[in-house]
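Colleague: Please read through the structure below; I'll follow up with questions.
The values are calculated or read from the model by the stated rules, or taken from the named source; none is laboratory data. Because the structure is predicted, anything quoted here is derived from the model rather than measured. So basically every Cβ, Gly included, is an ideal-geometry build from the backbone, and we count neighbours across all protein chains shown.
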């Protein structure tokens, strides 16, 4: 009797990637787990190890597309479902989202998107009874979905209402709408290079931004790109690369990077000639920082400690400069981390601002007279940026703002506020031809000097 009679049936190509995508979506939307913890590290989805690189890339793109377009997907599916999305079977909801996202935004044949979503629900005990419903709804989506999107002509649905209301209040309706459009695009890959940015832009089929960042649309494993293993560059959003520039000449300066992991700004500081102490409270994150510095052939003193409680290296060894990239709601990074929009709540802001203020007070105590403190967050919320710095200046008479000049950020005057702080929005630095090559993370930074 042929041995093949007893072999398990081969799995349909692409089904495993979609099953893992459904699991990860469920993790974000129902279990409040971040994408990062589900994709990397000890708590990552165990099935990722079984996926080929191509399927892993498909899975990541699928999850990111759904989270970027979650509001629009909800609108379309609500119009196609008489009784709404089934609430008693999460896999049915995931299958509908996965199928509709492929039909509407991804280069997947409609019949394959429908078939694989039906197979997803058939394999789940609670969702199996909805196989016919998923099939019918997704077939309708292929016919009617795009007109339903066209009728709303807005990407504001893809931003949680509380967040959109804040952006309108803080930046105006036009800018809020432009931010919503900008975060809807899959972001480019931004790299900070050690030298010769134009040459690396050519090698990586990208371009050099005015600020010096190399930007490319290349996809796939970053570790396989030219220059990675040799430590010639590191991944860092163009906005995140700006705060370190605010220190000016760093040669021979003793700098403390108080919330350092994963280490992009630490690498910038060292490469610019600073003697760096890099601090983070997470042992795992410090281990990752050390790995990144080894690859880049850069050296720093690394410390595992809570920056809000850290007393420094002892004695009178105060620092010439201190960088705080403070923990925050990260609402400026939604285009790169689309789960942030659906995991964060407005109530998170107050707890984080309390921490940010403690970090600033500790930093002032660790700074030499005449030293420079650069405070930054990847948040679009003024409470975590402008208001936190204003509170410090009101409380500490010995600290003053050192206004930033547009020349320090490659002449990009729109990135500098009237007070002289850095404020980037996702819609800044648009590309004249390809919107995928435009934009920045939303960042705030202030430069302060101790009297």
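Colleague: Among the numbered conditions (1) assigned to a loop (DSSP other than H, G, I, E, B); (2) touching a strand residue (DSSP E or B) at 6+ places or on another chain (Cβ under 9 Å), tell me where residue 303 comes up short.
Modeller: Every condition holds for residue 303 apart from (1).
Colleague: Given the conditions (1) on the phi > 0 side of the Ramachandran plot; (2) modelled with pLDDT of 95 or more, which single one is not true for residue 314?
Modeller: (2)
Colleague: Could you pull out the residue among 234, 200 that is touching a helix residue (DSSP H, G or I) at 6+ places or on another chain (Cβ under 7 Å) and buried (at least 18 other Cβ atoms within 10 Å of the Cβ)?
Modeller: Checking each option against the conditions leaves just 234.
Colleague: For the stretch 22-82, list the helices (runs of 4 or more DSSP H) that sit wholly inside it and hold at least 2 residues that are over 17 Å from residue 341 (Cα atoms); which are they?
Modeller: Here the list reads 53-68, 70-80.
Colleague: Now a separate question. For residue 186, are the conditions met, namely being in contact (Cβ under 8 Å) with a residue 12 or more places away in the chain, surrounded by fewer than 18 Cβ atoms within 10 Å (Cβ to Cβ) and within 25 Å of the chain's Cα centre (by Cα)?
Modeller: Taking the combined requirement at face value, the residue satisfies it.
Matching residues to (1) surrounded by fewer than 16 Cβ atoms within 10 Å (Cβ to Cβ); (2) at pLDDT 95 or above; (3) out of contact with any helix residue (DSSP H, G or I) (no Cβ under 9 Å at 6 or more places or on another chain):
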{"site": "354", "(1), (2), (3)": "yes, yes, yes"}
{"site": "382", "(1), (2), (3)": "no, yes, no"}
{"site": "388", "(1), (2), (3)": "no, yes, no"}
{"site": "394", "(1), (2), (3)": "yes, yes, yes"}
{"site": "403", "(1), (2), (3)": "yes, yes, yes"}
{"site": "408", "(1), (2), (3)": "no, yes, no"}
{"site": "421", "(1), (2), (3)": "no, yes, no"}
{"site": "436", "(1), (2), (3)": "yes, no, yes"}
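Colleague: Determine whether the stretch 328-339 contains at least one residue that is closer than 20 Å to residue 41 by Cα, in contact with a helix residue (DSSP H, G or I) (Cβ under 6 Å, 6 or more places away or on another chain) and touching a residue at least 40 places away in the same chain (Cβ under 8 Å).
Modeller: Checked against the condition, which is being closer than 20 Å to residue 41 by Cα, in contact with a helix residue (DSSP H, G or I) (Cβ under 6 Å, 6 or more places away or on another chain) and touching a residue at least 40 places away in the same chain (Cβ under 8 Å), the stretch 328-339 yields at least one hit.
Colleague: Could you identify the single residue in 245, 215 that is touching a helix residue (DSSP H, G or I) at 6+ places or on another chain (Cβ under 7 Å), in the same structural domain as residue 426 (by TED's automatic domain parsing) and buried (at least 18 other Cβ atoms within 10 Å of the Cβ)?
Modeller: Within the list 245, 215, the selection yields 245.
Colleague: Additional query: Of all residues in the stretch 312-326, count the ones that are over 20 Å from residue 246 (Cβ atoms) and either touching a residue at least 24 places away in the same chain (Cβ under 8 Å) or assigned by TED's automatic domain parsing to the domain that holds residue 31 (or both).
Modeller: Going through the stretch 312-326 one residue at a time, the tally reaches 3.
Colleague: Within the stretch 122-149, can you find the residues that are under 20 Å from residue 90 (Cα atoms), surrounded by fewer than 19 Cβ atoms within 10 Å (Cβ to Cβ) and in contact (Cβ under 8 Å) with a residue 60 or more places away in the chain?
Modeller: If the condition is that a residue be under 20 Å from residue 90 (Cα atoms), surrounded by fewer than 19 Cβ atoms within 10 Å (Cβ to Cβ) and in contact (Cβ under 8 Å) with a residue 60 or more places away in the chain, then 123 is the only one that fits.
Colleague: Let me ask something additional. Of the residues that make up the stretch 368-388, is at least one over 19 Å from residue 421 (Cβ atoms) and free of Cβ contacts under 8 Å to residues at least 60 places away in the same chain?
Modeller: Among the residues of the stretch 368-388, not one is over 19 Å from residue 421 (Cβ atoms) and free of Cβ contacts under 8 Å to residues at least 60 places away in the same chain, which makes the answer no.
Colleague: Residues to consider are 309, 291; find the one that is in a helix (DSSP H, G or I), outside the structural domain of residue 36 (by TED's automatic domain parsing) and out of contact with any strand residue (DSSP E or B) (no Cβ under 6 Å at 6 or more places or on another chain).
Modeller: 291
Colleague: OK, next. Answer yes or no: is there a residue in the stretch 72-93 that is surrounded by 19 or more Cβ atoms within 10 Å (Cβ to Cβ), over 22 Å from residue 136 (Cα atoms) and in the same structural domain as residue 24 (by TED's automatic domain parsing).
Modeller: No, the stretch 72-93 contains no residue that is surrounded by 19 or more Cβ atoms within 10 Å (Cβ to Cβ), over 22 Å from residue 136 (Cα atoms) and in the same structural domain as residue 24 (by TED's automatic domain parsing).
Colleague: Right, another one. Kindly indicate whether any position in the stretch 330-342 is touching a strand residue (DSSP E or B) at 6+ places or on another chain (Cβ under 7 Å) and either farther than 26 Å from residue 252 by Cβ or surrounded by fewer than 18 Cβ atoms within 10 Å (Cβ to Cβ) (or both).
Modeller: The answer is yes, given that some residue of the stretch 330-342 is touching a strand residue (DSSP E or B) at 6+ places or on another chain (Cβ under 7 Å) and either farther than 26 Å from residue 252 by Cβ or surrounded by fewer than 18 Cβ atoms within 10 Å (Cβ to Cβ) (or both).
Colleague: Can I ask one more? Only residues that are under 27 Å from the mean Cα position of the chain (by Cα) and over 17 Å from residue 154 (Cα atoms): list them for the stretch 71-90, please.
Modeller: The one that is under 27 Å from the mean Cα position of the chain (by Cα) and over 17 Å from residue 154 (Cα atoms): 90.
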